[in-house]
Amino acid sequence: MNYTQFKHVVVLTGAGISAESGIPTFRGQDGLWTQKEMEYLARPETFRKDPEKVHAFYNQRRLDLKQSKPNRAHNHIAYMQDELAGSPTRMTLVTQNVDDLHEKAGTKDVIHLHGELNSALCIKCQSRMICDHDLTDQSVCKNCQSQGALRPDIVWFGEIPYHLDEVQKALLQCDMFVSIGTSGSVFPAADFVNTAKQNGAFTVELNLTPSENAKVFDHTNYGLASQIVPNWIDTFIHGP
Ligand code: APR
């Protein structure tokens, strides 16, 4: 299975690719917050009721992110993008992660389905701005100068993920779909493999453990992302 046989590869990543960089996954044992706490805090109604508690949660995650470095899996995805850039094979990277580790590894045009920790959204004027510091309910929007209208630019439960049209288009065009480090338990990302498969794509799952839709994939490999992702990419680029 070599990249020259494919015209468009879509790669989807989830929290598992960042686990070895010290960023807790959502449904693993290593989480800093319990699943219940994370799901409570990642809701618009919680932000309306208790903005300071939600700001404190995301401020802590933004701070932790400053200490995190990309691991071999992120770095190899950036290498894969570089290698394919000069070829007729297109590559689209979609991530459910809100960290910036793909960017830190050098990957360009990362599609963040669920938003980004290092971005703030103004509820008043809808403008987005880089945010690499703490947000509070006193923070001022650089665009409309409103105070207290900035929220984390994160897609919360019950909100619509970003860039869905662009992702849908890529899934309908792709002939290779690779899912890395995701449990396949949150929609619409959990359904991307089915959309790709319906259009004849070859589908691959690289994960620590079988995801909820593991059976759908044509090829699966399980282990630590920092090991199995570089191995798979090297075979895909250079052949077995
Ligand atoms: N290497 C590879 N895979 C790993 C590793 C690792 N070192 N560590 C954990 N995993 C796998 C787990 O086996 C699990 O299947 O990563 C997956 C992480 O699953 P989740 O914690 O559910 O994270 P994710 O799938 O990204 O969650 C999707 O849910 O809470 C929402 O918005 C949040 O984007 C998130 C979405």
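Taken together, the values in this text are just the output of simple stated rules run on the coordinates, not laboratory data. The model shown is predicted, which means the values in this text are computed figures rather than measured ones. Methodologically, a virtual Cβ is constructed for each residue, glycine included, from the backbone with ideal geometry; neighbour enumeration extends over all protein chains shown.
Before moving on, here are some points about what is shown:
- Extension gain, Gln35 to Arg90, is 16.2 nm, computed as 0.36 nm per intervening residue step minus the present C-alpha separation.
- Extension gain, Lys69 back to Glu212 (0.36 nm per residue minus Cα-Cα distance, nm): 48.7 nm
- Working from label points 7 Å from Cα in the Cα-to-Cβ sense, the Asn221 to Asp175 distance is 2.1 nm.
- Per residue convex hull volume, Cα atoms of the chain, in Å³: 119 Å³
- Helix 51-67 and the longest principal axis of the C-alpha atoms of the chain enclose an angle of approximately 50°.
- The mean sequence distance of close C-alpha pairs (under 8 Å, at least 6 residues apart), as a share of the length of the chain, puts its relative contact order at 25 percent.
- Cα→Cβ-extended label distance, 7 Å offset, between Lys142 and Ser127, nm: 0.9 nm
- Solution diffusion estimate, µm²/s, Stokes-Einstein, segment 121-210, Kirkwood Rh from C-alpha pairs, 20 °C, viscosity 1.002 mPa s: 136 µm²/s
- Largest-first principal axis extents of the Cα set of segment 10-106 (Å): 51, 23, 22
- Environment charge at Ser127 (Cβ cut-off 11 Å; Lys +1, Arg +1, Asp -1, Glu -1): +2
- Taking segment 21-151 and dividing mean pair separation by its residue count, relative contact order in percent (alpha carbons under 8 Å, at least six apart): 19 percent
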